[in-house]
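The values are calculated or read from the model by the stated rules, or taken from the named source; none is laboratory data. These numbers were taken from a predicted model, which means no experiment stands behind them. Here the Cβ is made from the backbone with ideal geometry for all residues, glycine too, and neighbour counts use every protein chain on show. We work out accessible area using only protein heavy atoms, side chains counted, and drop any ligands, DNA or RNA first. Shrake-Rupley method; radii C 1.70, N 1.55, O 1.52, S 1.80 Å.
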Amino acid sequence: MTLFDQFNKPTSSSTIYELLGTNVYQLESLGYISKENDLEQKELDRTPIFNFVPVKYNPPAPVKYIQVSNNIVFIGHKNNHIARIDLSDPKNIEKFTFTQIEDSCLIRKMFLDPSGNHLIIGCKNGENYYFHYPRKKIIKINKFPNKKIQSVAWNPIIGSNLSQRTDSILIGTFDGLIYETSFKKKELYVNQLYALPEENRGAKRIISSIYFQYWPRRSDKIVVIFITPSQLRQFFGGPTLEALFQQNINNQQVIELPSSLHYSQLSIYEEKRGESYIAWLNQTLLFSAKIDMKTYPEHSQPSVIIEQKLTEYPEDDEEDYNDYDEEEEKKKKANPPIAIANTKHHHILLYPTRFVAKMKLDNQTILDESFEDQFIGLSHDHTKNIIWLYSPNSIYEVHISNENRNVWKVFLDRKDYPTALQYSQTPSQKNTIRSQQAEDYFKKNRFEPSARIYAKTSLSFERVALKFSKIHDKTYLKVFLQEKLNNISLQNTPQLTMVATWLVEILLQLMIKNQNEKQMYLQLRTELLSLLGKCKEDKILGNKLIFNLLSAHGISDELVEHSEHVGEYELIISHYIHQEEYFSALEAIKKSQDKTMFIQFIPILLIHAPCKTVTTLKTFGKKIDPKLILPALMRYQISHNEDNSQENQAIIYLEYCVITLGNQDIVIHHYLLYLYAKHNQEKQLLEFLNPQQWVPFYSKRYALRMCTRFNQKRACVNLYSKMKLYEEAVDLALTFDPHFAKVIVQDCNDDEKKKVLWVKIAKALIEQLPPESKKKENNKKRSKRTKKKKRNNNNNNNHLSSDESEDSEEEIFRNKLKKKNSRRNNKRFNRRKNKNKKRFNKKRNAKYDNDSYNDEDSYDSYDSYDEKHSSSNSQMDLTTRRGVLNFLMESDVFDIETILPLFPSFQLIDDFKKEVVETLKKYNRQITKLRTEMETATDNSEKIKKNITNFQGTYRVIGEDQKCEICEKKIFHSDFVLFACQHTFHKKCLEQTMINNFLSKKELDRLKRYQNSIKEAETKIQRKLKLQQRKLLLNKNENKLKKITSNIIEKKRNSQLNTKSSRLGKSAPKNKHDLLDSNNDFEQSNLATSLKLKNSLMKSKKNKNININNEKSNTKHLLQHTIQKYKSEVKKILYGNCVICGEILIKSVDKPFINLKDDKEQFEMSTWKIKKNK
């Protein structure tokens, strides 16, 4: 089979996707499109172009008019309230009112500029208002009295968003007038520019819409377009608006369409590159055109409106126009919409209950949506490309997304392939365009361009190749393959080799065919050489190409010789395998010693020669990773052995890898374990789970899952015990071997769990015992009695006589007496038994009181009593019960008290008599031990109390060389503390250690509180003591004053005497008596003053002494009650426990030795580091 024949077989798309990557650009170049791109295309088709979103707005009154621009919404209501909503902050709704609610002054129309900040409001009575944000005031336009504004053309070169001026704007009125005006800060400029001729009467005079635009790159040229319900007029000129209208008074361009409507609309769509498109709502047809502003119109081109088109409206019900059209218009067949919008590729037609979207290029209706609401208008926000629909009570947003996604289809139907490619968005769309273009060229016999385009499509490679292969001339197939090869990236080597080999084969065929034509032959030869050179550089083709081509032509011997000479053993091995010479292929592998080549061919070799393959594998040793051979080993079966042996070659090789080579790969260990479990090799499996010479690497959960799957119970129990799931292991072991369960329980180290496991074993063994119950025995006895009674009754009925009847009555009476006697005997027996029990209890209590009590004698006597009076009931099989008991008693966990509750309650205790007696003796010994321990504990507690009382009056002797345990300095240098444990500390050292290391935050707070209170008390006392000292000083000063006064008096007295004596020298007294009288008078006056001073001083002394004594008593009281109290608390905190051996040291075990916050300790810690020797 040639390669060409192989390519004639179509391959599935899944294999193509597997061969190719997922890169979109690569796939596009290869001609394949991934499934992800198909899903993207489907999602694009599913998502609607026009998405209707209801607006959550509760209007205070019915909505009358809505204008939207630059993401700002103005809503006019019937109650003359206007709401302004900035959609960047939709929760902030600003409301304004401009006039009282009157029928004649209701809102008729609203006009919003592109910036969204200038608003003109027209009312029904002809009044007009102007609003500018952010001034938030609605101003009445007085220069337009009784002029109904019907349309506004805003200046395209408007200022900033918050500018207070509008520059020149055009206003069209209801009576056919056009004004130029501009709103500035306080001034309003108004100038009438144009008036419709008198021929236009009635509805024909209404200027429904107006638009003007400056010429690009020429601000002195202007274009003005306005419409009436039946006419479209255009003006162009300049440099001002006034000059424009004067220039076109006699030369007006008019497009007229018949209409009897009172309304009309002109919708304009402006593109960024300067192109504009208009749509005119007319009664009968929709007029659409393009405004050509690339070149200024001269006399040869009198109009700027080009590409004019008229389209019909879709059919609609006449009932929808009850609120909008007059009675005469209802009867007409044409049903125009109430409003239109013009987008890039669609015309939007709004009906009262319908929303219709028609494509501009082919006039097809792509959307016709019906609503229950009665719409009254729409507004188009060109900045965000969102259309707003509104009815009196509801508002909708129409979001337009990906509007041009179906445009490429229209151009594709027109066979405008370059334009269709421009509008295509996804690789699948480009693929469909190119495939249709290539198919179109193919039908027109333009094979060469068709082949070049087909190479860029995602059509099936086989399909296109077969299409060109049917053509007799193979040059077009060659062109297709060459283009395909050029479009494939270098990363996709499989596709490159596939296309390149086929291309080489076609070139060889063409060369053979054109051997006689030299020029053609040389051309093909050069193409082949260039192709091979390119493929060799890119490492696409090599000796494999030669091998494939030569093998296709049947040359094998030369191929082998050539491959050996070159060293291409892979070609030799593939040749031998193709010839089914597997042993020679293995010999070639040994010669090559190429592990990658061996891994490549081992799946085939293991199927046809497994034993020889495994022996050769062992020769490679660790060179080959056994994980790479696992897929081949999984396909191996024992029936494939060439020598018909029953040895599993996969197990042999894996054991060699694990045991001999010491492989640690968990995958290899898992597969070997799987094979052991599958082939029921229990011995090898247990050795694998518990190896002695090598270390296993396997997951216990995986091993358990495999063992349970293949019912390897012993291995499962072993794994459960390794996973410490002893309960599951015991449950499983009890199903086949209880002794194995006992071994597992002995491996458990947890005593509580061991006890639970032994209980589980005991329950399982007891349940296996043959069941015997009292109910069965009683049923048997009753059945025997009933049988005897029946026999007696039958005999009595057969031989009935008068004598015998009397005898039977006597027998019945005797039986009743026997029963009564047996009952009496049973009652007597029970009474004796109870008396004996009471007697034994009394003896036991008496012996407990005395120390000489022997437990064994009492229990022996009680057992002998039970042996004498026990009734012989139905007994169980002693051998099995005794065996179970002995089996359970081998454990360290079980006692008789834990085993007995597991047996049935109606069984006899004779088999367990010895064990019960032994356990009771143990309990009695334990009770006596507890009594003695309690007595010793009470004695010790009394001794401790005595020691405490004695300890309070003790003292300790300290030597001269005694040192502080903290600072290691002598203890007598400062105040110290001595504990009962003979440890001594300086007060300061002990306080610092307690505060820094042992006290908690709460204790530190308490300590600070107590210390502060002590300081406050001491300061108060010191103040009072100072006051006392001052008072004492005052007393001393008083005594000094007394002395000084007495001295002064004496000095005065002496001085007076001296003066008198001197006077006497001049004028001597007449008599001695006169001199004496004067002296006496002086002495009496001095005595009187001195007595008064003495009395006052005595009184002050008494009062001062009383106050001083009272103050002394108060200070003593404060010292006793405050300072001592707080000092005692401080002592408890600081000196309550010894730091070395006290309770506080035990509590601080969890604290670190080093305080990381202390810099000194951190420095000391750094000195402890062990430095490495250089």
Pulled fully out, how much extra length does the chain show between D368 and E270, if you take 0.36 nm times their separation in residues and subtract their Cα-Cα distance?
32.8 nm
Quick check: pseudo-label points 7 Å beyond the Cα along Cα→Cβ at I157 and Q247, how many nm apart are they?
1.5
In this structure, among K478/K539; K988/K1008; K534/K627, pairs with alpha-carbon gaps over 26 Å are K534/K627
Step through the table entries K136/K221; K945/K1132; K56/K272; K56/K360; K943/K1127, compare each Cα-Cα distance with 26 Å, and write down the pairs that go over it.
K136/K221; K56/K272; K56/K360; K943/K1127
So which of K969/K1001; K963/K1131; K987/K1131; K1015/K1131 end up more than 18 Å apart by C-alpha?
K969/K1001; K963/K1131
The range 337-372 and the range 398-418: distance between their alpha carbon centers, rounded to Å:
17
Tell me the label-point distance for the pair Q1056, F583, using the 7 Å Cα-to-Cβ offset, in nm and rounded to one decimal.
17.0
Peptides 223-230, 929-936, 337-344, 489-496: what's the order by average Cβ count within 10 Å, highest mean first?
223-230, 337-344, 489-496, 929-936
Mind giving me the FRET efficiency for H382 and K290? R0 is 22 Å, r the Cβ-Cβ distance, nearest 0.05 is fine.
0.80
What the Cα atoms of the range 200-282 span along the principal axes, largest first and in whole Å, is 40, 31, 15
Packing-wise, with mean Cβ within 10 Å as the measure, how do 995-1008, 428-441, 467-480 rank, highest first?
428-441, 467-480, 995-1008
Where a label projected 7 Å from the Cα of Q646 along Cα→Cβ would reach, residues of the range 589-625 with amide N under 20 Å
610-611
With labels modelled as points extended 7 Å from the Cα through the Cβ direction, what inter-label distance (nm, one decimal) is found for L1025 paired with I1044?
3.0
Identify the GluC sites (Glu not before Pro) of the range 570-666 meeting these criteria: DSSP loop state and at most 10 other C-beta atoms within 10 Å of the C-beta.
E580
Whole Å is fine, so just give me how far the alpha carbon centre of the range 451-513 lies from that of the range 50-98.
64
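Please work out the average accessible area per residue across the range 603-670, using the 1.4 Å probe convention, and give it in Å².
48
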Rounded to 0.05, the calculated FRET efficiency for the beta carbons of H1121 and T932 at R₀ = 35 Å is 0.10
So how do D89, D362 rank on accessible area, 1.4 Å probe, biggest first, that is with the largest at the start?
D89, D362
Could you calculate the contour length gain from E198 to Y1135, that is, 0.36 nm times the residue separation minus the distance between their Cα atoms, to one decimal place in nm?
325.3 nm
Quickly rank 1032-1038, 345-351, 973-979 as a protection proxy: mean count of other C-beta atoms within 10 Å, highest first.
345-351, 973-979, 1032-1038
Each residue of the range 137-145 in turn: what ³J(HN,Hα) in whole Hz from Karplus with 6.51, -1.76, 1.60 and θ = phi - 60°, glycine and Pro shown as x?
10, 9, 9, 7, 8, 7, 7, 10, x
